[in-house]
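Novice: Got a structure for you, written out below as structure tokens; questions coming shortly.
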Amino acid sequence: MNKKPFVTKEQLDEITKTYPTPFHLYDEKGIRENVKALKEAFAWNPGYKEYFAVKATPNPFLIQILREYGCGCDCSSYTELMISEAVGAVGQDIMFSSNDTPADEFKLADRLGATINLDDITHIEFLEETIGHIPERISCRYNPGGLFKISNDIMDNPGDAKYGMTTPQMYEAFRTLKSKGAKEFGIHAFLASNTVTNDYYPMLAKVLFEEAVKLRKETGAHITFINLSGGIGIPYRPDQEPNDIHAIGEGVRRVYEEVLVPAGMGDVAIYTELGRYILGPYGCLVTTAIHEKHTHKEYIGVDACAVNLMRPAMYGAYHHITVSGKEDAPCDHKYDVTGSLCENNDKFAIDRMLPKIDMGDYLVIHDTGAHGFSMGYNYNGKLKSAELLLKEDGSVQLIRRAEAPNDYFATFDCFDIGKKLIK
Ligand SMILES: *Cc1c(COP(=O)(O)O)cnc(C)c1O
């Protein structure tokens with residue numbers, strides 16, 4: 001597949017007159033079409049709801065767009081809960097799927113009426129002590145352990161993951177919660193990340209649905225929702241086949257009718273907590289080539305760095321790069337594309353075949369719409385970039401300004417920046 005950016009060189013020439021690179025740019029049209037397709041794919045389930053994983057792209061302007069399609073927020077921290085509240089997502093519009101949870105976060109989640117998804121059996125007591133009661137509606141996160149396989153392919157290793165409760169713990173947790181007044185139960189699991197196959201959700205659904213039937217039978221718990229969480233991936237590489245969300249929705253429906261309906265559980269709502277799948281392809285990092293270096297290798301230095309997009313440095317993740325305006329030029333130059341951190345892993349691409357790059361060219365780094373900006377940090381005192389929204393009418397809206405030095409220095413209360421030490 002030919003990965004083409006959603007923004008042209010002409011548009012970038014216009015945008016950069018107002019907003020200098022680097023910046024993350026999001027595609028409103030693509031976002032709307034994608035979330036509409038997701039809703040259609042699960043429309044067979046009357047209770048279906050997507051809780052957007054706020055950590056993927058914690059920008060209220062983008063989440064507000066998703067809200068128009070009925071999406072709630074999946075939060076796992078204090079500030080994510082605050083963002084959710086700010087966009088009007090409260091009560092059953094919040095799924096609080098945290099782990100190793102501080103008391104203050106449970107308190108805020110409870111105050112907002114969020115559905116709390118417990119990561120561990122010991123959190124029952126911790127929650128009860130923290131908020132003074134057990135909510136009537138509650139969820140437990142399940143981790144069956146072992147390897148998660150599709151045919152012979154290992155998708156992920158839940159047995160090595162810190163999340164969730166074991167099978168016996170799920171039964172004990174449901175019984176305990178029930179005895180403490182819980183009335184409505186949910187089951188949640190996230191067993192594989194960034195899956196580029198239509199089989200992951202249906203397979204996960206089968207595991208969870210079968211477990212749900214047994215849990216209801218043995219504990220008498222009234223299970224009202226099953227949360228398939230995140231994990232539907234995107235094709236970061238041009239040779240990958242994208243997931244077909246309609247096939248995924250149909251696959252889950254088949255398992256639902258095979259397992260839940262005959263067990264008299266045909267009223268269970270299906271929830272998802274997608275992040276990457278919702279926004280990943282609809283954001284890109286736009287950066288300018290500012291240096292070229294010819295030593296033991298050929299380097300192109302750009303004005304963005306790993307602070308703006310950490311995935312290549314952290315996971316060795318592939319992000320496709322297009323040299324804007326040279327979409328049809330032959331890829332006959334081999335480059336390492338680097339940022340400016342004093343870290344040798346600060347490379348957006350290694351030995352990447354690209355068209356000849358000239359200084360001032362815009363490089364569009366694809367698929368940064370989720371887990372892109374949000375993973376940013378401030379190493380080397382580098383500042384985070386702006387986020388811009390390319391609207392459906394072609395105009396551009398600043399949805400988060402770039403950090404300025406004062407933002408970076410704001411937490412030094414005893415230091416008058418640029419002047420002197422106060423104490
Ligand atoms: C990260 C996360 C998600 C979203 O994952 P994606 O890979 O973006 O789909 C959903 N739920 C929980 C609990 C998470 O931690």
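Novice: Cβ-Cβ distance below 7 Å, separation of 6 or more or different chains: which pairs start in the range 95-117 with a residue that is at positive phi and end on one that is of a type in the set (Gly, Ala, Ser) and more than 16 Å from the ligand (Cβ to nearest atom)?
Specialist: From the range 95-117, the pairs are Gly113/Gly91.
Novice: Right, something else. Could you tell me which of the residues Asn59, Asn34 is among the polar types (S, T, N, Q), closer than 26 Å to Tyr377 by Cα, open to solvent by less than 30 Å² (accessible area, probe 1.4 Å) and modelled with pLDDT of 95 or more?
Specialist: Asn59
Novice: Go through the range 311-338 and report how many residues are in contact with an Asp or Glu (Cβ under 8 Å, 6 or more places away or on another chain), crowded, with 18+ Cβ neighbours inside 10 Å and closer than 19 Å to Pro20 by Cα.
Specialist: Adding up the residues that qualify gives 3.
Novice: Oh, and also: With respect to Ala86, determine if the residue is at negative phi and surrounded by 24 or more Cβ atoms within 10 Å (Cβ to Cβ).
Specialist: So Ala86 fails the test.
Novice: Here's something else I'd like to know. Among the residues of the range 214-245, count how many are polar (S, T, N, Q) and within 16 Å of the ligand (Cβ to nearest atom).
Specialist: 4
Novice: So Leu398 ticks every box in (1) modelled with pLDDT under 95; (2) exposed (fewer than 15 other Cβ atoms within 10 Å of the Cβ) but one. Which box is left unticked?
Specialist: Answer for Leu398: the failing condition is (1).
Novice: Could you list all residues from the range 274-310 that are within 16 Å of the ligand (Cβ to nearest atom), open to solvent by 10 Å² or more (accessible area, probe 1.4 Å) and closer than 16 Å to Phe23 by Cα? Even if it seems obvious, please write down each step before you answer.
Specialist: Filtering the range 274-310 down to residues within 16 Å of the ligand (Cβ to nearest atom) leaves 274-283, 309-310.
Imposing the further condition that a residue be open to solvent by 10 Å² or more (accessible area, probe 1.4 Å) reduces the set to 276-277, 281-282, 310.
Residues satisfying the conditions are Pro281, Tyr282, Met310.
Novice: Here's a follow-up. Quick one: would you say Ile248 is out of contact with any Asp or Glu (no Cβ under 6 Å at 6 or more places or on another chain), more than 30 Å from Ile365 (Cα to Cα) and within 16 Å of the ligand (Cβ to nearest atom)?
Specialist: No, not satisfied.
Novice: Note down all Cβ pairs under 8 Å where the first residue falls in the range 245-268 and is assigned by TED's automatic domain parsing to the domain that holds Val196 and among the hydroxyl-bearing types (Ser, Thr, Tyr), the second is outside any helix (DSSP H, G or I) and open to solvent by 60 Å² or more (accessible area, probe 1.4 Å), and they're at least six residues apart or on different chains.
Specialist: So the pair list comes out empty.
Novice: Just checking, which of Leu341, Leu354 is surrounded by fewer than 19 Cβ atoms within 10 Å (Cβ to Cβ) and at pLDDT 95 or above?
Specialist: The conditions single out Leu341.
Novice: Let me spell it out: the conditions are (1) more than 16 Å from the ligand (Cβ to nearest atom); (2) open to solvent by less than 20 Å² (accessible area, probe 1.4 Å), and Ile270 meets all of them except one. Which number is the exception?
Specialist: It is condition (1) that Ile270 fails.
Novice: Select the strands (runs of 3 or more DSSP E) contained entirely in the range 62-161, then report the ones holding at least 2 residues which are more than 13 Å from the ligand (Cβ to nearest atom) and small (Gly, Ala, Ser).
Specialist: On the way: elements: 72-75, 94-97, 115-118, 137-141, 148-150, 153-156.
Answer list for the range 62-161: none.
The values are calculated or read from the model by the stated rules, or taken from the named source; none is laboratory data. Remember, it's a predicted structure, so these values are computed and weren't measured experimentally. No Cβ is skipped: glycine too gets one built from the backbone with ideal geometry, and neighbour counts run over all protein chains shown. Note: areas computed on protein heavy atoms with side chains; ligands, DNA, RNA excluded. Shrake-Rupley method; radii C 1.70, N 1.55, O 1.52, S 1.80 Å.
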